[in-house]
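Asker: Below: one structure in structure tokens.
Nothing in this text is a laboratory measurement; each read-out follows from the coordinates by a stated rule. Quick caveat, the model's predicted, so the values are computed rather than measured. So basically every Cβ, Gly included, is an ideal-geometry build from the backbone, and we count neighbours across all protein chains shown.
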Amino acid sequence: MTVSTGFFKKIQQWIVDENSGEIAYQPFQVNGNPYKSNVFLLGAIPEPYLQITIEDLKLYADALVNTEVFQEFFHENTSREYKGCLNFMAWMKGQLQETVVYTNVNCLYMESTKKYNELKKQKDPSFIKGSEIFQEVLNEFTPKVLIVQGTTAWKYFLEEYEDQLIDYNGKGYSAQQLETNGVVGRLPLANGENVNILVCRSMSYFGKTGTSFGDFKQTLDELLS
């Protein structure tokens, strides 16, 4: 899949830093049409950490909707968590026929979570924009379910959105504990709808088929059926 001219213009606004004119953000990754997705998978910051030249802008935009292209041209040393996310996305497509959009609490390319904390403290404009991009992506594609995976992503998500959650019942619980609790709250979208929030362990534990995620996968199946 390649992106249309209209969608490319929208993606360009999400990935190019308006001050430097360089590619600085990863708004999402998906293998297919994100507008047909019911499920978002949320990490902390984009991975792998990439430095892409503006000359590769169109290739990068196309890669964001094609996992094979992304892996071919932008594959770097990736973590077990990132590989688990890809495995989860593949499992969802194969077993539940669901296209998953993978995104992050902040879409700015950063070397580490340490950098995240530094830029947040500094109220860096690029960091603020990275947070805004996630919100724009969420409201553009309007999923039914948002899965926050891992302790770090859950911490960052709560720092930004806890006071906006409806019927939130996850206070005081770890990500691992919340994995079997079903929907922990709902986040209002700009269109007036609410997205269901699920929380789980880091996808580094998912493996190929998520054998240890049995209850969590059952919850997803019930929510999406």
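Asker: Treat each spin label as a single point 7 Å out from the Cα along the C-beta direction, and report the residue 209 to residue 225 distance in nm.
Answerer: 1.9 nm
Asker: Quick one: helix 5-15 against the long Cα principal axis of the chain, what's the angle to the nearest 10°, folded into 0 to 90?
Answerer: 80 degrees
Asker: With a Förster radius of 25 Å, plug the Cβ-Cβ distance of residue 19 and residue 117 into 1/(1 + (r/R0)^6) and report the FRET value to the nearest 0.05. Walk me through the numbers before you get to the answer.
Answerer: Details: r = 22 Å, r/R0 = 0.88.
With a Förster radius of 25 Å, E is 0.70.
Asker: Still on this structure: Say each of residue 132 and residue 4 gets a label point 7 Å from the Cα, pointing the same way as Cα to Cβ; how far apart are those two points in nm?
Answerer: Here the modelled spin labels are 2.6 nm apart.
Asker: Separation between the residue 139 and residue 93 pseudo-spin-labels, each 7 Å from Cα along Cα→Cβ, expressed in nm?
Answerer: 3.0 nm
Asker: I would also like to ask the following. Would you please give the FRET efficiency between residue 193 and residue 77, computed as 1/(1 + (r/R0)^6) with r the Cβ-Cβ distance and R0 = 45 Å, to the nearest 0.05?
Answerer: Working: r = 38 Å, r/R0 = 0.85.
According to the calculation, E is roughly 0.70.
Asker: With no solvent and one point on each alpha carbon, what is the Debye value of log10 I(q)/I(0) for the range 5-224 at q = 0.11 Å⁻¹?
Answerer: The calculated log intensity ratios at q = 0.11 Å⁻¹ are -0.50.
Asker: Sticking with this structure for a sec: What order do you get for 186, 201 when you list them from fewest to most C-beta neighbours inside 10 Å? Write out the running numbers ahead of the final one.
Answerer: Numbers: 186 17, 201 22.
Arranged by neighbour count, lowest to highest, 186, 201 become 186, 201.
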